[in-house]
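Have a look at the structure below before the remarks.
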Amino acid sequence: MAKQKKKMNLFLKIVLWVLGIIIGFAALLAIANTICTAIDMRAVNALAPVENEARLIPQMDDETGCYTFTTDRELKVMQLSDIHLGSAILTVDNDKQVIRTVETMLRVEKPDLVIVTGDAFFPVPQSGTFNNANELKVFSTMMNKLGIYWAYAFGNHEYQGFAYLDESELAQRLEECGEYCLFQRGSESVSGEGNYAINVKNSDGIITRTLILLDSHAYLPEDKLGLGEKYDNIHEDQIEWYKNTVNNFTELNKQAIAGTKDADKKSAYSKQFSIVKSSLFFHIPLAEYKTAWENYRDNGYKDTVDTKYCYGYMGEEKAPYIYCGSGEDNLFEAAVEYGSTDSMFCGHDHTNNFSFEYKGIRLSYGLSCDCLVYKNIKHLGSQRGCTLITCAPDGTLAITPENYYRAKYDFEGKEEVTMQHLNEEQEKAQQNG
């Protein structure tokens, strides 16, 4: 009996020691992460606004419920993706690099609007924190200090697993991020958070382009932690919302065109904008990205009837190479049917940076800002940068990938990286073709 009691006491002591070590480690980690967040906050609070005398200021349009840029000039949009701020003990150097990357590109390009296609935050063990609230605080402060209007589409990492804030809580805080954040949670009756549109209008009240952001969700219910990489899809009610949005804005354009008194303008507008022109932004690529790539590859890296190569590479090293949703959706089919959307932009696959025109719709990956998630990616540079999207007054669109290591972004003390070959097979085929 005495021996059993002694063994029990020893067991309890060991348990208490283990618990003490765990609690102590957690406390030290929390203190360290608080210090790291303070370091990031000090860096972003010191930022001066981007100088831009031609800055456009969006206004809330009560008729549409959308933020709207009114201009007769080009609107310059910068797509950023997969920034992966950690604001934690394991990400101090990475955060410093990615903050500098984003700041530098914004100062040089001076966009009217930044659209972030997901994964700006990384609350997972790899970063040493689950506190996505701190990551949001750092990012939103950076954008607000720089004085750049920005919109956000959710990715798969912002609220993954055991994150401090779930998607709903994170979305609520995004809506409260200050005057430069144009994020809207969207209708409560539609799946996800952040299904909303931003319009570009001219002085005659014509919507020259609508920028539609969609929540592509994260993982399927059976893979909640994302360990199996089973990604969700755009849901059917979101596609219905998209169709209704296109129809509503098209009807508004028809009314504005009918009210145009200048005959020449009226004729031009009828040809250009009788169906509203739109671009879609989301995080996880549609299955059509994979189809377009495979059509091109299987045809000896040459265009096909449906697929036209525009630029870039498939750089992912593991199959399936394009990590689209695990199920099916008919968003692309709806876009073809309605004839409004001429371009789609995603992120997610950090070393894919290609752009194809597939069945008349431009499918583009945004360049990644990641300095953390992929192995050794901090020291690699071919995938890092932004995508510039120029919306012209006549409704046309120009899409330009901008690598961060171009001379125009140089500054003293900039990190050195290896400009790796993303896809040597593709390179050789194109050179020989």
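The values are calculated or read from the model by the stated rules, or taken from the named source; none is laboratory data. What you are looking at is a predicted structure, and each value in this text was computed from that prediction instead of being measured. Note that we place each Cβ from the backbone using ideal geometry, even for glycine, and neighbour counts take in every protein chain shown. To get the accessible areas, we keep the full protein, side chains included, count just its heavy atoms, and leave off ligands, DNA and RNA. Shrake-Rupley method; radii C 1.70, N 1.55, O 1.52, S 1.80 Å.
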- For LYS224, indicate whether it is at negative phi, open to solvent by 10 Å² or more (accessible area, probe 1.4 Å), charged (D, E, K, R) and in contact with a Lys or Arg (Cβ under 7 Å, 6 or more places away or on another chain). no
- Item | Close pairs (6 angstrom Cβ cut-off, 6 or more residues apart or separate chains): farther than 16 Å from ASN199 by Cα in the stretch 263-278, aliphatic (A, V, I, L, M) anywhere | TYR269/ILE206; TYR269/ILE257; SER270/ILE257
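Let's see how each residue does on (1) open to solvent by 10 Å² or more (accessible area, probe 1.4 Å); (2) of a type in the set (D, E, K, R); (3) within 20 Å of PRO401 (Cβ to Cβ):
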| residue | (1), (2), (3) |
| --- | --- |
| VAL92 | yes, no, no |
| ASP95 | no, yes, no |
| GLU103 | yes, yes, yes |
| THR117 | no, no, yes |
| VAL124 | yes, no, no |
| SER127 | no, no, no |
| ASN131 | yes, no, no |
| GLU135 | no, yes, no |
| THR141 | yes, no, no |
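Among residues belonging to the stretch 299-327 that are farther than 22 Å from GLY155 by Cβ and free of Cβ contacts under 8 Å to residues at least 12 places away in the same chain, point out the one that is surrounded by the fewest Cβ atoms within 10 Å (Cβ to Cβ).
First, pick out the residues of the stretch 299-327 that are farther than 22 Å from GLY155 by Cβ: 299-311.
Filter once more, so that each one left must be free of Cβ contacts under 8 Å to residues at least 12 places away in the same chain: 299, 303-305.
Details: ASN299: 12, ASP303: 13, THR304: 13, VAL305: 8.
Only one residue fits best here, namely VAL305.
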- Message: Against the definition (open to solvent by 20 Å² or more (accessible area, probe 1.4 Å), in contact (Cβ under 8 Å) with a residue 40 or more places away in the chain and of a type in the set (S, T, N, Q)), how does THR390 come out, yes or no?
- Response: yes
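Could you check how many residues of the stretch 249-276 are out of contact with any helix residue (DSSP H, G or I) (no Cβ under 7 Å at 6 or more places or on another chain) and either surrounded by 15 or more Cβ atoms within 10 Å (Cβ to Cβ) or of a type in the set (Ser, Thr, Tyr) (or both)? Spell out the reasoning first.
Step one: of the stretch 249-276, the residues out of contact with any helix residue (DSSP H, G or I) (no Cβ under 7 Å at 6 or more places or on another chain) are 249-252, 254-256, 258-259, 261-265, 267-268, 271-272.
Adding the requirement that they be either surrounded by 15 or more Cβ atoms within 10 Å (Cβ to Cβ) or of a type in the set (Ser, Thr, Tyr) (or both) leaves 249-250, 252, 254, 256, 267-268, 272.
Count: 8.
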- Does LEU170 meet the test of being buried (at least 22 other Cβ atoms within 10 Å of the Cβ) and touching a helix residue (DSSP H, G or I) at 6+ places or on another chain (Cβ under 8 Å)? yes
- Message: Tell me yes or no: at least one residue of the stretch 185-195 is in a helix (DSSP H, G or I), charged (D, E, K, R) and open to solvent by 50 Å² or more (accessible area, probe 1.4 Å).
- Response: no
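Here is a yes/no grid of residues against (1) more than 17 Å from the chain's Cα centre (by Cα); (2) farther than 22 Å from CYS369 by Cα:
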site: ASN134; (1), (2): yes, no
site: PHE139; (1), (2): no, no
site: GLY147; (1), (2): yes, no
site: HIS157; (1), (2): no, no
site: GLY161; (1), (2): yes, yes
site: LEU170; (1), (2): no, no
site: LYS201; (1), (2): yes, yes
- Message: Every residue in the stretch 130-184 that is under 16 Å from ALA88 (Cβ atoms), in a loop (DSSP other than H, G, I, E, B) and either at pLDDT 95 or above or among the hydrophobic types (A, V, I, L, M, F, W, C) (or both), please.
- Response: PHE130, PHE162, ALA163, LEU165
- Task: Could you look through the stretch 232-268, keep only residues that are assigned to a helix (DSSP H, G or I) and among the aliphatic types (A, V, I, L, M), and pick out the one that is nearest to GLU328 (Cα to Cα)?
- Result: ILE239
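Just the residues that are touching a residue at least 12 places away in the same chain (Cβ under 8 Å) and exposed (fewer than 15 other Cβ atoms within 10 Å of the Cβ), please, taken from the stretch 395-405.
The one that is touching a residue at least 12 places away in the same chain (Cβ under 8 Å) and exposed (fewer than 15 other Cβ atoms within 10 Å of the Cβ): THR400.
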- Which one of ASP232, ASP237 is touching a strand residue (DSSP E or B) at 6+ places or on another chain (Cβ under 9 Å), open to solvent by 20 Å² or more (accessible area, probe 1.4 Å) and at pLDDT 95 or above? ASP232
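Looking only at the stretch 72-90, count every residue that is open to solvent by 20 Å² or more (accessible area, probe 1.4 Å) and of a type outside the set (Lys, Arg) and tell me the total. Explain how you work it out, then say what you get.
Filtering the stretch 72-90 for residues open to solvent by 20 Å² or more (accessible area, probe 1.4 Å) gives 72-74, 76, 89-90.
Now restrict to residues that are of a type outside the set (Lys, Arg): 72, 74, 89-90.
Total meeting the criteria: 4.
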